[in-house]
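What follows is a short report on a single structure.
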Amino acid sequence: MSWRRELKPVNILLLAGIAFLLVAIIRIWWGGGDMPFQGPAAKGPEMPTAPILRDQQPLSAFKTVAAKSLFSKTRSEPTVGVAKVQDSLEGRQLLGTMVIGATKAAIIGGKPPGGRGAAEVEAVYVGEEWNGFKVLEISNDSVTFHGKDGQKTLKFPE
């Protein structure tokens, strides 16, 4: 019997381990028991619930939209207002500059003309007309305008 000579203790341990795993698999699959371990990751993250908006407002609030088609030719055209010309950079400050490809833009903020209301934030581009000024140049730390009084530069606040 040559097979007994080749049967080593390591092989016996491996066979016992395989038998143990086989019994464990059979108990889990066909045993009908619970899962052996369910950690906190088994539940998954909680998803916040958002309210459904249509329940917030009654349908009568949208009767104008339903009565007139948005694409109807009978709808009135938007009214064109006259732009207010400021001709002054007083109260304005440079908030930021950006370069996207060949396009340069500056973000300018400050109080609106008359000093009433909330602060305005606007983006201006090179070559654009803005509040009576033409934007000549936008650099990393300043914007140069041309107006009726000549060139003016707006820099970051100190």
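What follows draws every value from the coordinates through simple rules; no lab data is involved. Quantities reported herein were computed from a predicted structural model and do not represent experimental measurements. We place every Cβ from the backbone using ideal geometry, glycine too, and count neighbours over all the protein chains shown.
Here r is the Cβ-Cβ distance between Tyr125 and Ala50 and R0 is 30 Å; the resulting FRET efficiency, rounded to 0.05, is 0.20. Spin-label model, Phe156/Ser72: points 7 Å from Cα along the beta carbon direction are separated by 5.3 nm.
Gain on full extension, evaluated as 0.36 nm per residue between Leu7 and Ala102 minus their Cα-Cα distance, stands at 26.4 nm.
Close amide H pairs (under 5 Å, H built 1.01 Å from N) link Val126 with Lys104, residues at least 5 positions away or on another chain. Working note: Karplus 6.51/-1.76/1.60 with θ = phi - 60° gives segment 146-158 the couplings 10, x, 5, 9, x, 8, 9, 10, 10, 10, 4, x, 6 Hz, where Gly and Pro are set to x. A full extension of the chain between Val23 and Glu90 corresponds to an added length of 15.7 nm, given 0.36 nm per residue minus the alpha carbon distance.
3J(HN,Hα) along segment 128-139: 8, 8, 8, 6, x, 10, 9, 7, 8, 8, 10, 10 Hz, from the Karplus curve 6.51 cos²θ - 1.76 cosθ + 1.60 with θ = phi - 60°, whole Hz, x for Gly and Pro.
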